[in-house]
Structures are given as structure tokens and as C-alpha cells.
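J.: The structure under discussion is supplied below as C-alpha cells; questions concerning it will follow.
The values are calculated or read from the model by the stated rules, or taken from the named source; none is laboratory data. It should be emphasised that the depicted structure is a prediction, and the values quoted were computed from it without experimental measurement. Here the Cβ positions follow ideal geometry from the backbone for every residue, glycine too, while neighbour counts run over all protein chains shown.
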Amino acid sequence: MPTKLVNQGIRLSLLVMTLAIASTINAQAYGQETPPPMFFGDLRIDRNFSPDRLIVRGMSGGSISGKEIVGRTVTPTGSCTGYYDEQPNHTLELTSKFDYLKLLVDSPKNTILMVTGPGGTWCNDYFDGKNPGIVGEWLSGTYNVWIGSNKKDEYLPYTLEVTEDK
């Protein structure tokens, strides 16, 4: 059986397990005002979106290096090292310019955030000491968002938070 097919099967099994666990946790942790996170969701937002804490979940990692995807290993916001799927985990469509927007990843192990869109490419490995994040001014347009892992074919559950809170 080809390695790629085995890896896809492992990812699917991990995703199903993560979904089952997360739905139980979400049912207990989120009130009616905060919607539960989406899995591998794409986001379309405008300034002053509500609720101002959007969360999507997924599985990081893959077999392709960050350099192969974005053509570099470092950006002004940090390192593009690690391994990713060929396709982005999420797309983020901003229908207007944001003077301030924050993307934060939370995962049990170290992950890497890589974003391409209007104006360039941004990567980050250690925003808060363990988890990656990118903060700043964002132009309107569509952004591709990848969440990678340090080891090839290592898949980790994560949450990606998008907020205008400083």
C-alpha cells in the first residue's frame, strides 16, 4: 500500500477521533453566545465581526516543506520551517482592510503558522513561546493559511483563533 494512502488513512482516523472528543468538550465549554469551532473551515469576515473570537480546528502537518510551498524559509514575522499539506488548511477572506487582526494557533505541541495573501507571505513558529501567531495590519483579500508540524508526517490537533482583540 503506498505511503501516501497510509498517511491519509492515519490523518482521517486522527481527525475522526479529534472530532468526537472536541464535540464533547465543545458541548460543555461553549455557551449559546459563542458558537462551537468549525473543523477545517474557511472564514469570510469584515471589520467588527461578531462574535469577535472565531475559532476553527484542524490537524497540522504534512510531508511538504514550507520552503517548497512559499519559496523561502524565513519572513519578517518568523520561520517557515516545518512540514505541511500541499493545500492550505484554511482560507481567510477579509472583505475589508483591518488595521489590526490577530491569528493565533494553539496545539499540544509546537506548530508553525504560514500565511500567503495580498502583500506577501508571513510565517511564525513561536509567537508566545510555544504556539505561533501573526498580528498586524491586513489588507482586504483572500489569504491561504497552513498549519505545519516540525516533523514530516506528524499530525497534531490545533485550534486557530481569529480576533480583533489586542
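J.: Look at segment 76-93 and say how many of its residues are within 14 Å of GLY136 (Cα to Cα) and touching a strand residue (DSSP E or B) at 6+ places or on another chain (Cβ under 7 Å). Steps first, answer last, please.
T.: The first filter runs over segment 76-93 and keeps only residues within 14 Å of GLY136 (Cα to Cα), leaving 76-78.
Adding the requirement that they be touching a strand residue (DSSP E or B) at 6+ places or on another chain (Cβ under 7 Å) leaves 77-78.
Adding up the residues that qualify gives 2.
J.: Something else now. Please determine, by comparing only the residues of segment 139-166 that are part of a loop (DSSP other than H, G, I, E, B) and among the polar types (S, T, N, Q), which one is farthest from ILE55 (Cα to Cα).
T.: Going residue by residue through segment 139-166, those that are part of a loop (DSSP other than H, G, I, E, B) are 139-140, 150-156, 164-166.
Restricting the remaining residues to those that are among the polar types (S, T, N, Q) gives 140, 150.
Values: SER140: 20, ASN150: 23 Å.
Ranking the qualifying residues of segment 139-166, first place goes to ASN150.
J.: Checking the condition touching a helix residue (DSSP H, G or I) at 6+ places or on another chain (Cβ under 7 Å) and either modelled with pLDDT of 95 or more or within 23 Å of LYS166 (Cβ to Cβ) (or both), which residue from THR111, THR81, THR116, THR75 passes?
T.: Numbers: THR111 fails: touching a helix residue (DSSP H, G or I) at 6+ places or on another chain (Cβ under 7 Å); THR81 fails: either modelled with pLDDT of 95 or more or within 23 Å of LYS166 (Cβ to Cβ) (or both); THR75 fails: touching a helix residue (DSSP H, G or I) at 6+ places or on another chain (Cβ under 7 Å).
It is THR116.
J.: To continue, here is another question. When SER96 is evaluated against the numbered criteria (1) farther than 20 Å from ASN150 by Cβ; (2) part of a strand (DSSP E or B), which criterion, by number, is the only one it fails?
T.: Every condition holds for SER96 apart from (2).
J.: If THR91 satisfies all but one of (1) assigned to a loop (DSSP other than H, G, I, E, B); (2) under 18 Å from THR163 (Cα atoms); (3) of a type in the set (S, T, N, Q), what's the number of the condition it fails?
T.: (1)
J.: Hey, among ASP106, ASP99, which residue is of a type in the set (Asp, Glu), at pLDDT 95 or above and either surrounded by fewer than 16 Cβ atoms within 10 Å (Cβ to Cβ) or touching a His at 6+ places or on another chain (Cβ under 7 Å) (or both)? Even if it seems obvious, please write down each step before you answer.
T.: Numbers: ASP106 fails: either surrounded by fewer than 16 Cβ atoms within 10 Å (Cβ to Cβ) or touching a His at 6+ places or on another chain (Cβ under 7 Å) (or both).
Every option except ASP99 fails the conditions.
J.: Now a separate question. Among the residues of segment 105-120, is there at least one that is without any contact (Cβ under 8 Å) to a residue 24 or more places away in the chain and on the phi < 0 side of the Ramachandran plot?
T.: Applying the first criterion (without any contact (Cβ under 8 Å) to a residue 24 or more places away in the chain) to segment 105-120 yields 119.
Narrowing the set further to residues that are on the phi < 0 side of the Ramachandran plot leaves none.
No, segment 105-120 contains no residue that is without any contact (Cβ under 8 Å) to a residue 24 or more places away in the chain and on the phi < 0 side of the Ramachandran plot.
J.: Give the residue, chosen from GLY117, GLY136, that is surrounded by fewer than 19 Cβ atoms within 10 Å (Cβ to Cβ) and either of a type outside the set (Lys, Arg) or more than 20 Å from ARG53 (Cβ to Cβ) (or both).
T.: Values: GLY117 fails: surrounded by fewer than 19 Cβ atoms within 10 Å (Cβ to Cβ).
Among GLY117, GLY136, only GLY136 is surrounded by fewer than 19 Cβ atoms within 10 Å (Cβ to Cβ) and either of a type outside the set (Lys, Arg) or more than 20 Å from ARG53 (Cβ to Cβ) (or both).
J.: Take the residues in segment 117-137 that are more than 12 Å from the chain's Cα centre (by Cα) and part of a strand (DSSP E or B); name whichever of them is nearest to SER149 (Cα to Cα).
T.: TRP122
J.: Mind counting the residues in segment 125-139 that are over 23 Å from ARG44 (Cβ atoms) and either out of contact with any Pro (no Cβ under 9 Å at 6 or more places or on another chain) or at pLDDT 95 or above (or both)? Steps first, answer last, please.
T.: If we filter segment 125-139 for residues that are over 23 Å from ARG44 (Cβ atoms), which is where we start, we get 125-131.
Okay, now just the ones that are also either out of contact with any Pro (no Cβ under 9 Å at 6 or more places or on another chain) or at pLDDT 95 or above (or both), so 127-131.
Final tally of qualifying residues: 5.
J.: Sticking with this structure for a sec: From the set of residues in segment 38-70 that are hydroxyl-bearing (Ser, Thr, Tyr) and at pLDDT 90 or above, which is surrounded by the most Cβ atoms within 10 Å (Cβ to Cβ)? Explain how you work it out, then say what you get.
T.: Within segment 38-70, the subset hydroxyl-bearing (Ser, Thr, Tyr) is 50, 60, 63, 65.
Filter again for at pLDDT 90 or above, leaving 60, 63, 65.
Values: SER60: 27, SER63: 15, SER65: 16.
Among those that are hydroxyl-bearing (Ser, Thr, Tyr) and at pLDDT 90 or above, it is SER60.
J.: Right, another one. Check SER96 against each of (1) in contact with a strand residue (DSSP E or B) (Cβ under 8 Å, 6 or more places away or on another chain); (2) farther than 17 Å from GLY41 by Cα and name the one condition it does not meet.
T.: (1)
J.: May I ask you to list the residues in segment 76-86 that are buried (at least 19 other Cβ atoms within 10 Å of the Cβ), out of contact with any Lys or Arg (no Cβ under 8 Å at 6 or more places or on another chain) and assigned to a strand (DSSP E or B)? Explain how you work it out, then say what you get.
T.: Our first condition is that a residue be buried (at least 19 other Cβ atoms within 10 Å of the Cβ); within segment 76-86, this holds for 77-78, 80, 82-85.
Narrowing the set further to residues that are out of contact with any Lys or Arg (no Cβ under 8 Å at 6 or more places or on another chain) leaves 77-78, 82, 84-85.
Within segment 76-86, GLY78, TYR84 meet the criteria.
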